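A quick write-up on the structure given underneath.
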There are 2 protein chains.
Amino acid sequence: MANTYKIILDTKGGDNGPEVLIKGAAIALKKFDSLSYLMVGDRDLIEKECVSLSMPMDRVEILDAPNEITNYDNPAAALFEKQDSSMIKSLVALDTREDLLGLITTGNTGVLLGGTVRFLNSKERVRPCLAALLPNADGSFTCLVDTGATIDCSPQMLVHFAKQGSRFMKQMYGIESPRVGLLSNGAESTKGNKLVKETHALLAAESEINFIGNVEGNTALSGICDILVCDGFAGNLVLKVSEGMAKRLITDIVKYGKRTGNESIMELVGHLMKVYDFGSLGGGLILGTDKPVIKARGNSNETTVVSVSEMILNMVEHKAIFDKSRIEI
Amino acid sequence: MANTYKIILDTKGGDNGPEVLIKGAAIALKKFDSLSYLMVGDRDLIEKECVSLSMPMDRVEILDAPNEITNYDNPAAALFEKQDSSMIKSLVALDTREDLLGLITTGNTGVLLGGTVRFLNSKERVRPCLAALLPNADGSFTCLVDTGATIDCSPQMLVHFAKQGSRFMKQMYGIESPRVGLLSNGAESTKGNKLVKETHALLAAESEINFIGNVEGNTALSGICDILVCDGFAGNLVLKVSEGMAKRLITDIVKYGKRTGNESIMELVGHLMKVYDFGSLGGGLILGTDKPVIKARGNSNETTVVSVSEMILNMVEHKAIFDKSRIEI
């Protein structure tokens, strides 16, 4: 068979069980000829699912991992005590095998971050961060770092995040000098909490990055910057408040459509749901590793597996991650 | 004439000049029989505007204040050096005159907060905070504290904010035991940054307030809590990200309406703009004083003056602040 890109699918740790993730992999294998998987988890269960889904077994390798890391696991302890868990086995495989190009997992974020530092840290020994690519009002994407991997950050960490985000946006989108914005409560350089003020001074002194200054919450996703830097607490807020607000407006529009019997409203709702369903965009991407690692949501479904697999394929081929046409309304 | 409620209008410090604020006052005087104003600013200019607007001069008193506090003023310095500014004169008048029931100003937030502490602090000597009343998805309102008055907060400050917010929601809406939520990156009590974790423990130990635990960004405005507590940095983010997202969806809907020629879409847009224009809701309210002080936006217009005047009237009469019907879609 032709040369394929093999990526790891950690089948455990998700809210909906391994079956739905394996089903997603089956759909992705049909869609992408160049794709193959190393599935990590219960060998018997995976084999059974693969057979029942008539999957091409020459493009599926299975690595048995009897143990599972759950959301109740303490990261530090789990890393040492759960060596036979699907997540740790996945990380070790990614680190040691050259034929494996990336990893998809829905499991515990804390353990994954710790495992990334332990097994996959790049030569520069930077602190990994969890990035999200968010669609802007002008059709571009902004890389938000950090989205919740490190809740309490130092100014130095935020500088690392800015550099990792810049490298990623340059590689992925070919942006020569990606613009870095610092999330703050005012555009002026004097605005911000203690962390933001200290980070502002450090970013302004960095010659490696193109720092454009502070960016406020209302313009954060306007397209004003390619990378938006903040601590994991603020990043989580930006993501969740945006998501909550978009869902709420869409719910209001549906109610209005029903009340007025205006059927064309439902077409509008369909458009909006595609653009503003930030959750479907492929999950968080860990930056600071040499190979792509994607932390998909705990409640990932078949579609998530397909879209994050495509994301890794695109990253490997250095193409744009998302199809921009989807965000046109 | 009948007994009226007299409130102070600081005519200086806004982005659009005193004229537009005075015009708003003229509209409010027509709308509310029980209202009268003490207007603070340039006597000549105010008199001229009042005459040209044919205002009822038995319901307008003027206090001359030649100086203005701008957004470039340093709060600590301005409080001592600009005694003849309209803001300081307004604060002193509110403190010393029993017939004055509240204050509306569009000026410098930092100076206003400092001035509130200096001239108006309540007997308990708590730290004042800037609250916003935000419409929830279920038709209720949540009092968000702090929205940007204090950017770096201590856990003790957040406890003060929770208490002030509780008292306000009880007085204004007659809620017997207002629910206090703590804004965090996860609902579990172990989630949060250092500030949130420490505050969680303090709030849980407070018998005076009804603490319901952590609240995430996506459910913050669902109606899950009556008071949402956070530091000014996070509060500013919640406000601005919500506002930015709502504006963006509405812009998308307008584009869609134009493209499809669906005229009924514009009716929907009208509804949404009323519900989601958080800026028009009356501005920030300073809690921690004995009399209502409203910090209206710098770019306030006639409508803002009318709605915040109504807000103070309602507060004085202990009625609900907003007409709930406006948020039905």
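Among A:D226, A:D64, A:D252, the residue with the largest mean-square fluctuation in a Gaussian network model of chain A, with springs joining Cα atoms closer than 10 Å, is A:D252. With protein chains left intact and a 1.4 Å probe, residues in region A:1-61 average 47 Å² of accessible area per residue.
Plainly put, the tip 7 Å out from Cα toward Cβ on B:T219 is 3.4 nm from that tip on each other copy, the closest given first.
Other protein chain C-beta atoms within 10 Å of residue C-beta, averaged over A:245-255: 6. For the set A:K31/B:K247; A:K170/A:K274; A:K194/B:K291, the pairs lying more than 29 angstrom apart at their alpha carbons are A:K31/B:K247; A:K194/B:K291.
Residue by residue along B:134-141, Cβ atoms of other protein chains within 10 Å of the local Cβ number 1 on average.
Taking only the C-alpha atoms of chain A, Rg followed by Dmax gives 20.3, 62 Å. Pairing chain A with chain B buries about 4300 Å² of accessible area. This figure sums both sides and uses a 1.4 Å probe. The length gained on full extension between B:Q83 and B:D99, counted as 0.36 nm times the residue separation minus their Cα-Cα distance, comes to 3.6 nm. Measuring with a 1.4 angstrom probe and ignoring ligands and nucleic acids, A:L313 comes out at about 10 Å² accessible. Any idea how far the Cα center of region B:33-86 sits from the one of region A:129-195, in Å? Distance between centres, Cα-based: 44 Å. Ranking B:S300, A:S177, B:S34, B:S52 from most to least accessible surface, computed with a 1.4 Å probe over the protein chains only, gives B:S52, A:S177, B:S34, B:S300. Per-residue accessible area (protein heavy atoms, 1.4 Å probe) orders A:K48, A:K89 as A:K48, A:K89, starting from the largest. Considering only A:S307, A:S166, A:S264, give the residue with the highest GNM mean-square fluctuation for chain A, with springs between Cα atoms whenever their separation is below 10 Å. Comparing A:S307, A:S166, A:S264 in a Gaussian network model of chain A, the most mobile one is A:S264.
Applying 1/(1 + (r/R0)^6) with r as the Cβ-Cβ distance of B:K170 and A:K255 and R0 = 35 angstrom yields a FRET efficiency of 0.70. The dipole here belongs to the protein assembly as shown: it is taken about the Cα centre, uses +1 on the Cβ of Lys and Arg and -1 on the Cβ of Asp and Glu, and is about 160 debye. Restricting attention to chain B, close to 30% of DSSP beta bridges with both partner residues there are antiparallel. Hydrophobic, long helices, defined as DSSP H runs whose alpha-carbon span along the helix axis is 30 Å or greater and whose mean Kyte-Doolittle value is at least 0.0, occur in chain B at B:232-260.
Ellipsoid semi-axes for region B:28-121, based on the Cα gyration tensor and the rule √(5λ), read 25, 15, 11 Å when sorted largest first. A full extension of the chain between A:A205 and A:D64 corresponds to an added length of 45.8 nm, given 0.36 nm per residue minus the alpha carbon distance. Remark: label point of B:L202 defined 7 Å out from Cα along the Cα-Cβ vector; separations to the same position in other copies 2.7 nm, ascending.
Solvent-accessible surface of region B:65-197, averaged per residue with a 1.4 angstrom probe and all protein chains in place: 40 square angstrom.
Within the accessible area of the protein assembly as shown, what % is carbon and sulfur when the probe is 1.4 Å and the other protein chains stay in place? With neighbouring chains kept in place, the figure for the protein assembly as shown is 50 percent. Accessible-area rank, largest first, for B:T116, A:T109: A:T109, B:T116, with all protein chains present and a 1.4 angstrom probe.
At a probe radius of 1.4 angstrom, the accessible area of region A:222-284 per residue rounds to 34 square angstrom. For A:S222, nonlocal amide neighbours, meaning residues 5 or more places apart or on other chains whose placed amide H falls under 5 Å from its own, are A:A137.
Annotation for A:R97, label-to-label distances across the other copies: 8.1 nm (shortest first, one decimal, point 7 Å from Cα along Cα→Cβ). Panel note: contact residues of region A:163-194 (accessible area lowered by at least 50 Å² against the chain on its own; 1.4 Å probe) correspond to A:N185, A:N193. Per residue, the average separation of C-alpha pairs within less than 8 Å and at least 6 apart gives chain B a relative contact order of 21 percent. Orientation-averaged projection of region A:74-158 equals 7.4 nm² [convex hull of Cα atoms, one quarter of hull surface area].
Under conditions of 37 °C and 0.692 mPa s, the protein assembly as shown yields 122 µm² s⁻¹ as its translational diffusion coefficient, taking Rh as the Kirkwood radius over Cα pairs in the Stokes-Einstein equation.
Per-residue ellipticity at 222 nm, computed for chain A from helices alone with -39500 (n - 2.57) per DSSP H run of at least four residues, works out to -13500 deg cm²/dmol.
Is there a pair in A:K255/B:K295; A:K197/B:K191; A:K23/A:K255 whose C-alpha atoms are over 29 Å apart, and which pairs would that be? Table pairs above 29 Å Cα-Cα are A:K255/B:K295; A:K23/A:K255. Computed over region A:4-81, the convex hull of the alpha-carbon atoms projects to a mean area of 5.5 nm². Taking 17 Å as the cut-off, the amide N atoms of region A:178-198 that come nearer than this to a point 7 Å along the Cα-to-beta-carbon line of B:D15 belong to A:185-189. Ligands, DNA and RNA excluded, the heavy atoms of A:D277 present near 70 Å² of accessible surface to a 1.4 Å solvent probe. Extension gain for A:R118 to A:S52 (0.36 nm times residue separation, less C-alpha to C-alpha distance): 20.1 nm.
Measuring with a 1.4 angstrom probe and ignoring ligands and nucleic acids, B:H160 comes out at about 70 Å² accessible.
The values are calculated or read from the model by the stated rules, or taken from the named source; none is laboratory data. Please read all numbers here as calculations on a predicted model, not as lab measurements. For neighbour counting, all protein chains shown are included, and Cβ atoms are generated from backbone atoms with ideal geometry for every residue, glycine included. These area figures cover heavy atoms from the full protein model, side chains too; ligands, DNA and RNA do not enter into them. Shrake-Rupley method; radii C 1.70, N 1.55, O 1.52, S 1.80 Å.
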